[in-house]
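Visitor: Take this structure first; my questions come after.
The values are calculated or read from the model by the stated rules, or taken from the named source; none is laboratory data. All values reported here derive from a predicted model rather than from experimental measurement. For neighbour counting, all protein chains shown are included, and Cβ atoms are generated from backbone atoms with ideal geometry for every residue, glycine included. When the accessible area is computed, the model is the full protein with side chains, heavy atoms only, and any ligands, DNA or RNA have been set aside. Shrake-Rupley method; radii C 1.70, N 1.55, O 1.52, S 1.80 Å.
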Amino acid sequence: MIALLSRDLALAVRAGGGFGLGLAFFLIVTVLVPFGVGPETTLLARIAPGVLWIGALLACLLSLDRILALDWEDGSLDLLATAPLPMEGIVTVKALAHWITTGLPLVLAAPVLGVLLSLPVEGYLWVFLSLALGTPALSVIGTFGAALTVGLKRGGLLMSLLVLPLYVPTLIFGAEVARRGAEGLAVSAPLAMLAGISCGVIAVLPFASAAVLRINLR
């Protein structure tokens, strides 16, 4: 699993679809929003948690098609299917590699980019915590979507249509945690829901993704 994780991280960096692409898109969204809604500090502070979460979600969505497509194209996926490592472990490593190369940089950059949106000081910690809890779920759900569409020509659009509805609960509770934290309100309920969604997704979807991959590889 360590060897597979190291390989996927190296491929993500070399292919240029890892750290740079997601961060660049996240930065573009954060910079353009003030131009679109105006420079009013009060308005920006109110919408900042939701904008940061939407930007992070869309940035994660950009690189989902690379999770399994490259391995499918060069035949590596067939070899991985015959390896001693169970398919569930392979899918888990793929999701972890995606989170490290895409989700983790977004988590670290979000508080910094919050300055551009006049995010209240009280909200920086909660934006960081909500993204740290929620982005692993985005990567695992995205891996499931990639498994469903692997091998399909131009499957990126179909995968987006399949994955986006599954992203909605994570987006709702993640943005709610950040919003309530920024306003000084209680965050225990949405935080518990967000953690529950992430734990449930991580526990269940690797098995579903592995089953889908076995069907596609037959």
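Visitor: Consider Val112 against the criteria (1) of a type in the set (Val, Ile, Thr); (2) over 30 Å from Ala186 (Cβ atoms); (3) surrounded by fewer than 17 Cβ atoms within 10 Å (Cβ to Cβ): it satisfies all of them except one. Which criterion is unmet?
Guide: (2)
Visitor: Look through segment 135-174, keep the residues that are surrounded by 21 or more Cβ atoms within 10 Å (Cβ to Cβ) and farther than 30 Å from Glu73 by Cβ, and return whichever of them is farthest from the chain's Cα centre (by Cα).
Guide: Phe173
Visitor: State which residue is nearest to Asp71 (Cα to Cα) when the search covers only segment 184-210 and only residues that are more than 17 Å from the chain's Cα centre (by Cα) and touching a residue at least 12 places away in the same chain (Cβ under 8 Å).
Guide: Ala210
Visitor: Tally up the residues in segment 102-134 that are among the small types (Gly, Ala, Ser) and under 17 Å from the mean Cα position of the chain (by Cα), please.
Guide: Let us first name the residues in segment 102-134 that are among the small types (Gly, Ala, Ser), namely 103, 109-110, 114, 118, 123, 130, 132, 134.
Remaining after also requiring under 17 Å from the mean Cα position of the chain (by Cα): 103, 109-110, 130, 132, 134.
Number satisfying all stated conditions: 6.
Yes/no per residue for (1) farther than 27 Å from Leu158 by Cα; (2) modelled with pLDDT under 85; (3) open to solvent by less than 70 Å² (accessible area, probe 1.4 Å):
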position	(1), (2), (3)
Pro34	yes, no, yes
Thr42	yes, no, no
Ala48	yes, no, yes
Trp53	no, no, yes
Leu61	no, no, yes
Gly89	no, no, yes
Thr92	no, no, yes
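Visitor: Take segment 175-184 and flag every residue that is of a type outside the set (Val, Ile, Thr) and surrounded by 12 or more Cβ atoms within 10 Å (Cβ to Cβ). Talk me through it step by step, then tell me what you get.
Guide: First, the residues of segment 175-184 that are of a type outside the set (Val, Ile, Thr): 175-176, 178-184.
Answer for segment 175-184, where residues must be of a type outside the set (Val, Ile, Thr) and surrounded by 12 or more Cβ atoms within 10 Å (Cβ to Cβ): Ala175, Glu176, Ala178, Arg179, Arg180, Gly181, Ala182, Glu183.
Visitor: Also, quick follow-up: Among the residues of segment 104-122, is there at least one that is in contact (Cβ under 8 Å) with a residue 24 or more places away in the chain, assigned to a helix (DSSP H, G or I), of a type outside the set (D, E, K, R) and within 30 Å of Leu217 (Cβ to Cβ)? Let's see the steps before the verdict.
Guide: Taking segment 104-122 first, the residues in contact (Cβ under 8 Å) with a residue 24 or more places away in the chain are 104-107, 109-110, 113-114, 116-120, 122.
Filter again for assigned to a helix (DSSP H, G or I), leaving 104-107, 109-110, 113-114, 116-117.
In the following step, the residues that additionally are of a type outside the set (D, E, K, R) were identified as 104-107, 109-110, 113-114, 116-117.
With within 30 Å of Leu217 (Cβ to Cβ) added as a condition, the list becomes 104.
Looking for residues that are in contact (Cβ under 8 Å) with a residue 24 or more places away in the chain, assigned to a helix (DSSP H, G or I), of a type outside the set (D, E, K, R) and within 30 Å of Leu217 (Cβ to Cβ), one finds at least one in segment 104-122, hence yes.
Visitor: Something else about it: Would you check if Leu96 is more than 18 Å from the chain's Cα centre (by Cα), closer than 28 Å to Val187 by Cβ and modelled with pLDDT of 90 or more?
Guide: Taking the combined requirement at face value, the residue does not satisfy it.
Visitor: Right, next: Can you name the number of the only condition in (1) open to solvent by 60 Å² or more (accessible area, probe 1.4 Å); (2) modelled with pLDDT under 90 that Leu85 fails?
Guide: Status for Leu85: all satisfied but (1).
Visitor: Oh, and also: Can you pull out every residue in segment 187-211 that is open to solvent by 70 Å² or more (accessible area, probe 1.4 Å) and either among the acidic types (Asp, Glu) or over 30 Å from Glu73 (Cα atoms) (or both)?
Guide: We begin by selecting, within segment 187-211, every residue open to solvent by 70 Å² or more (accessible area, probe 1.4 Å); these are 188, 193, 199, 202, 204, 207.
Within segment 187-211, Ser188, Met193, Cys199 meet the criteria.
Visitor: Given (1) open to solvent by 10 Å² or more (accessible area, probe 1.4 Å); (2) farther than 21 Å from Gly151 by Cβ; (3) in contact (Cβ under 8 Å) with a residue 40 or more places away in the chain; (4) polar (S, T, N, Q), identify the lone condition not met by Thr101.
Guide: The number of the failed condition is (1).
Visitor: Taking the conditions exactly as written (within 30 Å of Leu79 (Cβ to Cβ), among the basic types (Lys, Arg) and open to solvent by 20 Å² or more (accessible area, probe 1.4 Å)), does Arg214 satisfy them or not? Give the steps one after another, and end with the answer.
Guide: Working: within 30 Å of Leu79 (Cβ to Cβ): yes; among the basic types (Lys, Arg): yes; open to solvent by 20 Å² or more (accessible area, probe 1.4 Å): yes.
So Arg214 fits the description; yes.
Visitor: Oh, and also: So how many residues does segment 102-133 have that are among the β-branched types (Val, Ile, Thr) and more than 19 Å from Thr170 (Cβ to Cβ)?
Guide: Selection size over segment 102-133: 3.
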